[in-house]
Structures are given as C-alpha cells and as structure tokens.
Amino acid sequence: MFHWLEKRPFLFSVGVFLVIAFAGLIEIVPDFAQASRPVTGKKPYTVLQIAGRQVYIKDSCNACHSQLIRPFKSETDRYGPYSVSGEYAYDRPFLWGSKRTGPDLHRVGEYRTTDWHENHMWEPTSVVPGSIMPSYKHMFHQNADLETAFAEALTVKKVFNVPYDKPGMPKVGNSKSDFEAAKKEALEEAKKITADMKNQDVKDAVNRGEIPEIVALIAYMNSLH
Amino acid sequence: MQNAALEYDYSVAKWFTYLAIIFGIVGMVVGTYIAFELAFPELNNLFGQYGTFSRLRPIHTNVVAFGFTLSGTFATFYYVAQRVLKVSIAESKTVHGIAKLHFWLYLVLAAWMVVSELMGYTTSKEYAEMEWPLDVLTVVVWVLWGIAMFGLIGMRREKTLYISMWYYIATFLGVAMLYLFNNMEVPTYFVTGMGDWMHSVSMYAGTNDALVQWWYGHNAVAFVFTVPIIAIIYYYLPKESGQPVFSYKLSLLSFWGLMFVYLWAGSHHLIYSTVPDWMQTMGSIFSIVLILPSWGSAINMLLTMKGEWNQLKESPLIKFMVLASTFYMLSTLEGPIQSIKSVNALAHFTDWIPGHVHDGTLGWVAFMIIAATLHMAPRFYKREIYSKKLMEMQFWIQTTGIVLYFSSMWIAGITQGMMWRAVDQYGNLAYSFIDTVTVLHPYYTIRATGGLLFVIGLFMWAYNFVKTMQSDRVLEKEPAFASPMGA
Amino acid sequence: MEQIRELQAYGYFFFTVFLTVVLYAYIVHLYRAEKKGTRNYEKYGKLALDDELHRAPVEPNEDEDEMKENKEKK
C-alpha cells in the first residue's frame, strides 16, 4: 500500500502534504473569528505609540521580555491581572515573547513612570542594581521613524478596519496628506512625555520637531496596561 | 546518455558545505558572544547599538538555523540525492543550472538577512524575523530547490525512493507550507505610499498571530532541525558503518507517524496563554505521543550498529553520529516533559527552554552536519581525511561543551522557575525579579564556557576540512564505506 | 458557530480513529506481506549502501512505455 507511494514521488508528496496540513486545518483555522474581538474600552495605538512599538521590535526587546501574564497567583501578584485574549486585538505582530531574562512588561505602564524608564534605558543598573540589561543610549539621539509609524496606522485602518478616527479613538486620517496633522499630534503627545524627562538633548529635539526613539518607546511603555 | 566518463557531480554539494562551515562558525561565535553578555553585561556596549544581546539574538538564531543547518541540508541533499537515485546532476544541464542558481540566490539571501537584521529590520516573530522582501526571495530560493529536487527525481534510475529522500521531500513541503502562512504580511509602503519600504504588518493580530507563529515556530524546528537531519542520518550512518538500516519497515512507520503527529504539538508553546484551552491540551498530548515516532527513528539508527559497536571505538565519525542519535532521543524526551502542563508552568519563560533547544541543535543537528561533511570530504577530493586525532579531540571538546551547556541551563531554569513562584510564610512573593537574575550569574558563565568549547571544536572541524582538501594522501578510488583518515 | 464546533469535534475524532486503524492495518500488512514472501522490504535498505553510479539499481526505474512493452512481451 504505502510502498506503492514511494515509487510515485508526486503522489507521495501529496500524501505527505495532506498529513501535515491536517493539524493546521483543525487547530488553527476555526478559532480565528472568535479570538480577534477586542475587549471593551481597548483603543488602538496612537501614531507615537506605534513608533515606540517599532523601536521595541527593532531592538528585539521581546527577546528578553514577555508580554503575557499567566493565570497563576505568583504572576498576578508580581505583574497584575492575568492577560486575556481581547487585550491583544490590535497587536500586529503579537509580542508575547518566549523568554523572561527580564520581567514581564504587559502591564508595565501601571507601575513604572516616564522618568524611571528614562534612567533605566540610559543605564539600567542606576535603578536596578545587578541588572544585566544593556543600556540603550543610542535611543536618546536616534530619531523614531514617524512616517513608517503613520504608514502602519493607516495600513491597519484601511486593510483590517482598525477603528481609528471613530469617536473616542486615536486619529490617523485617510491618506498621506494627513501626515502633517498626525505628526503635530504626535509632537504634542511627545511634549507631555518630555515634560517628565530630564535629558536636555531629548527635550531640545522635541522642541525642534523631532522625536527621539526613547520618547516614542516611553509612550508605548506607558500605554501598556 | 550513459557513458563511461559519467560521474556524480559534487560541485553544488561542495559549495554548500563551505557555507555550512562558514555559517556554523559565524552563527555560533555570535551565540557564544551573547551568552557571555548574559554573564558579563559590559560586553553589550562594545559595538554601540549593534552589539547588544537583543539586536544580535535574531542573528544568532537565524544564521544557525537558516545559514548553517540549511546549508548542511542542501549540501547533503545534493550529495545524497544523486547517489540514492543513481543519477548524476551533470546529466541535465537544466537541473544543474537551477541547483547553481539555488546556491547563489541563497547566498545573497543569507547575506541580506544578516545585514538587515543587524540594522534592526525584524518582524519580531521568532525564526521568521526576516522582513517581507527577504521572505519573497526565500520563496524563490525554496522553489528553485524544489525544482532541482523533483528534477533529479524525474531523472532517476532507481525506482524506489530511499528513506532519506522522503525526509528531504517532507522538509521541502513542510517548510513551504509553514513559511507561507506565518509570513503573511502587508507591506505598509504599498498601501500608503510612504514610510520605510521594508516595513510590513502581520496579517494576523494578537492571539491568532501567536497561534500561527507557534504553529510555525515549533514546526520550523520540526522541518529544519529534525526532518532533514533524519534524512542525513538515514544515509550517512548506514553508509559510513557499512550496515544496512536495521529495519526499513520501522522507518516507514516512524516517517508517517512523525509527519502526522509533529504538526499538532505547536500549541505547547502557548500553554497557560490566551489561546483556547483545548488547543493547549492537544499540544500537550500530542507532544507526548511524539516520543514514539521520534524514538522509532533514533532506535532504528542505534540498532543499525548492532554487532558493529566496535566501530564506535575506532571511528570518530561513528562516535559523532551515535552520540547525535542519543542526543536526539534525549531532546525528544525532554521536550514532551516540558509540554506537560504542570512542568510547563515552571519551565516556560526560563533558561531550561534554550537549554532544551541546544541539546537538540548542538548535540543532534550540528554533530550530524559535522559528521556528514567529514564523510563527504574524502569523496569530494579523493583524499584521506587529514587527521583522525583532531576529530577525536573535537568530539570530546564539543561533547564536554554540550554537557556544560545543558546541565547549567537545567539548573538555571529550574532555579529561576522556583524562585519566581516562591512565597514567604505570609504568602507574599519571596524574591524580587532581580534576585532571580543575579542568582544565575554562575550558570550563565558555565553556559557561555560550554558554548566557547563548542566553537573551538568548530574551528578544529574547519581546519581539518581545509587540510583534507590540500592533503597529499590521494585516494585511487572512492571509498565504499568507512572514510579513510590519517592519524 | 456551535454547530461548526460540533462538526469539527466529530470530524477530528473520526479522522483520528480512522488514521489509527489505517496505521495498525498498515503494520499488519507490512509484516504479513513479508512473511508470505510477496515482498522483501528490507532490500531497500541497500539503497544507501549500493549507491555507485554504475552499479545496477536495486529496482530499475523503467518509464511507462517500456513497462507496457514488457507486459506485451509476456
């Protein structure tokens, strides 16, 4: 029976494909509609927060930090309420991570402040003695890519119907020409963050109309609840 | 068609072998470097933003998986496929041309991958970090391999496909399916006309994205680190030892068993996450079932050596391969244990997981590829392997490295997992997070040392290989079984 | 939605049972075929060992036309 297959490479390949595709069909496809519903009150990320999220991804923070609080007392005591599916509805990609060399960050916005992040990203051991995290000084003088962040927001709005510009939701606009407005808004948001920061170069940059990576990253961190 | 001068053509197999050696060294030097960073964090800032653990980690995983392992897979494929099908790739100019194109495009892709990830272009999905233009090129490279594969099969003189060929075909199909689905992404530049053209967003969001990613992530392990390596061992161990495979029937059963079961186990990466409960349970159960077909292949290999165990003492190549199948058994037992829900609650997110991965990748994947390339060297160059002693030394140094690696990671992982959940007499958490980091320093140091030993072994491998190419002990004809080696 | 889930569950269950039966039937088939002597699977293990280009194949791959011709001759 099967030996017959080994002499017929084409049918053999079809057989292998059917067998390996079966698990995906059963396991993955059926639950798609259900799992992607956002929890009530969940808002999509602002353009500045997306820029920060892109910085988070660019420097692979997810290599050492998870964003998934499991339903155990030891985890909810340490990090806050356990994660539920609807909280991730706007996460493209998801950033659960697979390793906690550092602590979970899913609700880091609840208990860390802007100035804590500023000190920590500049020199981690200054706030956490014994920390083995690298310092990310380059984020203080390298600018975030706001255009790409805007492009991402616009893309998810257009392609996946993410509810931007709905009442009470962040604004993004409808086309390339809305970028200037979005940038203005992002700068306003950035100024609120730099008000709590002490690094003069960063403050100056924002006043010049630039957004250093660190500001975007902190905006994203503070949005994690 | 058939004439006396017709010979197997090893050109493409040779090129991929060189790449395997180069990428093996690059990938594992980076890996060892970032392992030392965990023990000595000052190292993070030696190269500005390009030297941090976080920036380098995707480069380590990608170069080792898609540079080293796939080069090894392709090298052995272009060698084994010709031989078990009894057809020379030089018989068809088209197939040979496609194989060459496959090599060159693959090289471009690999170089682009390293540069773009160093610059910070990543999708963040593990083992699928490459951004969309690279994904497109990956598809092209993969299709070229497929054409070369089925081209050779179409020309074959041997009617029945040998066991190794089943596994190569499965590698081709499995990776194609997984890669396509997990890398579905929308380039933002094409939708909006602005921003970075390399950037894209995932087609899936949140929990769905996680589900697809770990269906991929786990099975990328299956179809890059397991399936092609089984293809390799099913050819090289019997050939080097001169013993036919212990049971062809068992290999049939474990092949179909592995194909069916492996794909279900992906959700064990998501235990206690927000994916539906039944999927987590299914992942857990199927991971246990997976022991059967995995051990089926491994036992088949060990029994192939039946009555010939003296070879284990005499030949370092047999040592590499037998220890590889033993490590395969170890990691396919360890994985299912970690998939049991209560064990996973402790082990997930800890260093036990990278420890487990490295049992498989160092002990099984790297050892098999090293053994295969050294088996091929005398056939490539019609020369004896330069030094048996060097191979022996390499074997023991690397084995020591692996033992240091996984034992330290076991202790580190379990220590950390226990400390995260430890409570004092009032039920409060006993340790702050940083306590669970600083305690790991000695284990991180041991792990990095283990990695360093393994890398030293790689340099010995490269040296031995290059010396073989230049050796003056020329062979008159291709050796049939055991590879001849100089003292 | 509920109905789809139920179908999915039944589909999954019966397919798994079916595959299990197939697997066992296959094992029985393999060993019986060999016992009766209709087939010798283990000779295919030689594929890896006798892999010189000019050795005779374990089982030559004739193309369809040739096979037909051979049959007609018989």
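The values are calculated or read from the model by the stated rules, or taken from the named source; none is laboratory data. Given the structure is predicted, the values throughout are model-derived calculations rather than measurements. Glycine also receives a Cβ, built like all others from the backbone with ideal geometry; neighbour counts cover every protein chain displayed. Please note that ligands, DNA and RNA were not included when accessible areas were found on the heavy atoms of the full protein model with its side chains. Shrake-Rupley method; radii C 1.70, N 1.55, O 1.52, S 1.80 Å.
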- [ ] Could you grab the relative contact order for chain B? Cα pairs under 8 Å, six or more apart, rounded to a whole percent.
- [x] 15
Task: With 5 Å bins from 0: P(r) over the range B:113-261, alpha-carbon pairs, percent - done: 2, 8, 15, 17, 17, 13, 10, 8, 6, 3, 1, 1, 0
Task: Accessible area of the range B:210-287 belonging to carbon and sulfur atoms, whole % at 1.4 Å probe - done: 70
Open item on the list: Between the range B:290-314 and the range A:77-142, what is the separation of their alpha carbon centroids in Å?
Closed with: 47
Open item on the list: So for each of A:87-97, B:77-87, B:442-452 I average, over its residues, the number of other beta carbons within 10 Å; can you give me the resulting order with the highest mean first?
Closed with: B:77-87, A:87-97, B:442-452
- [ ] Take each of the peptides B:140-147, B:203-210, C:20-27, average the number of other beta-carbon atoms within 10 Å over its residues, and list them starting from the highest.
- [x] B:203-210, B:140-147, C:20-27
Task: Charge dipole of the range B:382-451 about the Cα centre (unit charges at C-beta), most positive-ward option of B:Trp410, B:Thr438, B:Gln394 - done: B:Gln394
TODO: Averaging sequence separations of C-alpha pairs under 8 Å and six or more residues apart, then dividing by the length of the range B:355-448, give the relative contact order as a whole percent.
DONE: 30
Task: Sequence-distant residues sharing a close amide H with A:Asn143 (under 5 Å, placed H) - done: A:Glu213
Task: Euclidean distance between Cα centres, the range B:99-143 to the range B:216-254, Å - done: 27
Task: Unit charges at the beta carbon, dipole of the protein assembly as shown: most positive-side option, A:Ile20, B:Trp112, B:Leu312 - done: B:Leu312
Task: Total accessible area lost when A and B pair, probe 1.4 Å, Å² to nearest 100 - done: 7700
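Which whole number gives the average, over all residues in B:209-216, of C-beta atoms from other chains lying within 10 Å of the residue C-beta?
5
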Open item on the list: With +1 on the Cβ of every Lys and Arg and -1 on the Cβ of every Asp and Glu, and nothing else charged, how large is the dipole of chain B about its Cα centre, in debye rounded to the nearest 20?
Closed with: 1520
TODO: Please say if the protein assembly as shown is rounded, prolate or oblate, where rounded means a/c under 1.5 for a ≥ b ≥ c the square roots of the C-alpha gyration tensor eigenvalues, and otherwise the choice is prolate for a/b larger than b/c and oblate otherwise?
DONE: prolate
TODO: Would you work out the relative contact order for the range A:40-225, in percent, from Cα pairs under 8 angstrom that are 6 or more residues apart?
DONE: 34
Open item on the list: Let me cross-check A:Lys184: its accessible surface, 1.4 Å probe, with only protein heavy atoms counted, in Å² to the nearest 10?
Closed with: 150
TODO: Please calculate how many Å² of accessible area the range C:2-53 carries per residue, with a 1.4 Å probe and no DNA, RNA or ligand atoms counted.
DONE: 68
TODO: Could you run the Karplus curve 6.51 cos²θ - 1.76 cosθ + 1.60 with θ = phi - 60° over the range B:379-395 and give me ³J(HN,Hα) per residue in whole Hz, x for Gly and Pro?
DONE: 6, 4, 10, 6, 9, 5, 5, 4, 9, 6, 4, 4, 5, 4, 4, 4, 4
Task: Solvent exposure of the range A:65-143 as accessible area per residue, Å², 1.4 Å probe - done: 36
Task: Highest-first arrangement of B:429-437, C:11-19, B:234-242, B:326-334, where packing means the average Cβ count within 10 Å - done: B:234-242, B:326-334, B:429-437, C:11-19
Task: the range B:37-88-the range B:354-378 distance, computed between alpha-carbon centres (Å) - done: 12
Task: Links that overshoot a 19 Å alpha carbon limit, given the list B:Lys389/B:Lys477; B:Lys239/B:Lys306; A:Lys7/C:Lys43; A:Lys73/B:Lys341 - done: B:Lys389/B:Lys477
Task: Semi-axis lengths, Å, chain B, gyration tensor of Cα atoms, sqrt of 5 times eigenvalues - done: 36, 27, 23
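May I ask you to give the percent of accessible area on the range B:1-148 that is carbon plus sulfur, with a probe radius of 1.4 Å?
For the range B:1-148, the apolar C and S fraction of the accessible surface comes to 75 percent.
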Open item on the list: How would the range A:38-102 be classified by its alpha-carbon gyration tensor: rounded, prolate or oblate, with rounded meaning a/c under 1.5 and the a/b versus b/c comparison settling the rest?
Closed with: oblate
TODO: Per DSSP H run of n ≥ 4, the term is -39500 (n - 2.57); total these for chain B, divide by its residue number, and report the mean residue ellipticity at 222 nm rounded to 500 deg cm²/dmol.
DONE: -22500 deg cm²/dmol
Task: Coordinate range along principal axes, alpha carbons of the range B:339-487, Å, largest first - done: 78, 28, 16
TODO: Nearest 100 Å² is fine: how much accessible area is buried between B and C, summed over both sides, with a 1.4 Å probe?
DONE: 3000
Task: Å² of accessible area per residue within the range B:75-143, as computed with a 1.4 Å probe and no ligands counted - done: 31
- [ ] Using a 10 Å cut-off on Cβ to Cβ distances, tally the other chain neighbours for every residue of B:184-195 and report the average as a whole number.
- [x] 6
Task: 10 Å Cβ neighbours from other chains, averaged over peptide A:154-166 - done: 3
TODO: Sort the range A:40-225 into rounded, prolate or oblate with this rule: let a ≥ b ≥ c be the square roots of the eigenvalues of the Cα gyration tensor; rounded if a/c is under 1.5, and if a/c is not under 1.5, prolate when a/b is larger than b/c, oblate otherwise.
DONE: oblate
Task: Solvent accessible area, Å² - B:Tyr179, 1.4 Å probe, full protein context - done: 20
TODO: Using just the helices of chain A, give the 222 nm mean residue ellipticity in deg cm²/dmol: DSSP H runs with n ≥ 4 each add -39,500 (n - 2.57), and the total is spread over all residues, rounded to 500.
DONE: -14500 deg cm²/dmol
Task: Antiparallel bridges, percent of DSSP beta bridges restricted to the protein assembly as shown (to nearest 5) - done: 80
